[in-house]
1. Restricting attention to segment A:143-154, does a residue exist that is over 17 Å from A:Ser113 (Cβ atoms), in a strand (DSSP E or B) and of a type outside the set (Ser, Thr, Tyr)?
2. Which condition from (1) over 21 Å from A:Thr44 (Cβ atoms); (2) surrounded by fewer than 17 Cβ atoms within 10 Å (Cβ to Cβ) is the one that B:Gly140 breaks?
3. Within 22 Å of the chain's Cα centre (by Cα) and surrounded by fewer than 15 Cβ atoms within 10 Å (Cβ to Cβ): does that describe A:Ser174?
4. Are any residues in segment A:66-80 open to solvent by 50 Å² or more (accessible area, probe 1.4 Å) and either without any contact (Cβ under 8 Å) to a residue 40 or more places away in the chain or farther than 13 Å from A:Ala117 by Cβ (or both), and if so, which ones?
5. Does B:Lys45 count as open to solvent by 60 Å² or more (accessible area, probe 1.4 Å), at pLDDT 95 or above and not aromatic (Phe, Trp, Tyr)?
6. Kindly evaluate B:Val150 against the criterion of being touching a residue at least 60 places away in the same chain (Cβ under 8 Å), open to solvent by less than 30 Å² (accessible area, probe 1.4 Å) and either under 22 Å from A:Tyr183 (Cα atoms) or over 14 Å from the mean Cα position of the chain (by Cα) (or both).
7. So B:Asn28 ticks every box in (1) open to solvent by 70 Å² or more (accessible area, probe 1.4 Å); (2) at pLDDT 95 or above but one. Which box is left unticked?
8. State all residues of segment B:87-106 that are under 28 Å from B:Val39 (Cβ atoms) and touching a strand residue (DSSP E or B) at 6+ places or on another chain (Cβ under 7 Å); if no residue qualifies, say none.
Amino acid sequence: MGNWSIFNIRLLKLAIVTVALWAILSPLSALDFSDGTASGTVLTIITAAATQDLAFGNILQAVPKSIGYNNDASSAIFTITGEASAGINLQLILPEYVSLSDGSDRMTIIFSSTDAAVDTTTVTPSTISASDGWINQNPYYLPASAVIGSAGTTKIYLGGKIVPSVDQTPGTYSGDIVLSVSYNGS
Amino acid sequence: MMGIAYAVLVLSSLSGYAVSAQTVTSTNDLAFGNIFPGVPKAIVKSSVGDAAEFTVTGTTGAEVTLDFTLPAYMYTTGANMPLFFSSSDCAVDSTNPQDQSNPSANNLNPNGTITYRIGSNGMSVWLGGRVVPGLVQKSGSYTATIRLTVAYTGF
């Protein structure tokens, strides 16, 4: 038997051992796995900013003064940005009084059931119409179907009425108007 | 001569394996779609096209274990978002045909090992989940890997 034959036999043995190992190990590899993916797209964060204060200016004692939501210079304006056309929840928290900074006197402020407008087209307070969103809205119950405008912005315009007393203390009065806004998932 | 005898023994041993190897394939991803910041979103396991789906093949009647490796978060660059799987978010069906809306085993816990038998048409595994974005969750596409490992139990 020459060297070539010895080599062939060794090769055959190696092949046999390989097959034997495969046969032994294959039951242990009776396991499989697969990877799937969880995915989702988070949309634009919603933001709200008070871009103009409700400003009554000078007020005379015992002379009530009103500012309409359609007053470009003096109505309160809140600007909301977010995902275009997304449904939103809106809630205004309105004060019952405005006060002097030292708290020594306060003055009644009233919001009527038509003192707010919701603008999804970002026109102006004085030019908003029903086709631009919602006009003459109750600020305590803003529309449940409100949405972010197609440009990604919605504005809220708010008016109100201040009622000074006959002996109202002169000075600068202020109060907080808080807008809470969130996506409703629609 | 001994080498030849050994080969015969090995081949004889190989002929004794009647169990075919099982396979598992991810056939649908768990897709949450658009998610609003601050608004949790759930995908139910019966939601065709949205729930994760895995297809298992193997020997009919063989028992297998199903083990998920579930992510706690989905990720995007620089942010993550919690992902939850409840104790009833998984369903399995090995009947023929398989029915995602009426599976043979429903409300299974994907957080533990699930044991089931492969049917004549294999087996489908469905998984739902719930994502909880923060109020100021960074916008963008989030992903995570869900792994399903399948193994014969020998029964």
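1. Yes: one or more hits.
2. The single condition B:Gly140 does not satisfy is (1).
3. Numbers: within 22 Å of the chain's Cα centre (by Cα): no; surrounded by fewer than 15 Cβ atoms within 10 Å (Cβ to Cβ): yes.
Answer is no for this residue.
4. A:Ser66, A:Ala73
5. Working: open to solvent by 60 Å² or more (accessible area, probe 1.4 Å): no; at pLDDT 95 or above: yes; not aromatic (Phe, Trp, Tyr): yes.
The answer is no for B:Lys45.
6. Details: touching a residue at least 60 places away in the same chain (Cβ under 8 Å): yes; open to solvent by less than 30 Å² (accessible area, probe 1.4 Å): yes; either under 22 Å from A:Tyr183 (Cα atoms) or over 14 Å from the mean Cα position of the chain (by Cα) (or both): no.
So B:Val150 does not fit the description; no.
7. B:Asn28 satisfies all of (1) open to solvent by 70 Å² or more (accessible area, probe 1.4 Å); (2) at pLDDT 95 or above except (1).
8. Filtering segment B:87-106 for residues under 28 Å from B:Val39 (Cβ atoms) gives B:87-91, B:100-101, B:106.
Scanning segment B:87-106 gives B:Ser88, B:Asp89, B:Cys90, B:Ala91, B:Gln100, B:Asn106.
The values are calculated or read from the model by the stated rules, or taken from the named source; none is laboratory data. Values in this document were obtained by computation on a predicted structure and should not be read as measured data. A quick note on method: Cβ atoms are made from the backbone with ideal geometry, for glycine too, and the neighbour counts reach across all protein chains shown. SASA here: full protein model, heavy atoms, side chains in, ligands and nucleic acids out. Shrake-Rupley method; radii C 1.70, N 1.55, O 1.52, S 1.80 Å.
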